[in-house]
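Read-outs throughout are calculated quantities, based only on the coordinates presented, and are distinct from any laboratory measurement. These numbers come from a predicted model, not from an experiment. Counting neighbours? That spans all protein chains shown, and the Cβs are built from the backbone with ideal geometry, glycine included.
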Amino acid sequence: MADYRHLAIGMKIKDGEINECPYCQRIGLVQVALGRFFVLHKDIDGDQDACPKRGVPFLSCESEWRLS
């Protein structure tokens, strides 16, 4: 159970960092896997909110957007 939307930007958690989502500009846990950004906003009792949403292309780590 986790809700990352209200945490302070820059916090390091697990293998990621709390930051603004490069897909939807909300706060979330930004992680890099296989050279792509994934963002988990919340995962509470099976209700998961993550980006990119279906139909949205992945941003690569080589894009302008960077973790701090």
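For this structure, a couple of remarks:
- Candidates are the residues of the range 36-48 that are in contact (Cβ under 8 Å) with a residue 24 or more places away in the chain and under 23 Å from I9 (Cβ atoms); the one that is nearest to the chain's Cα centre (by Cα) is L40.
- Residue match in the range 17-25 (condition: under 22 Å from S63 (Cα atoms), polar (S, T, N, Q) and more than 8 Å from the chain's Cα centre (by Cα)): yes
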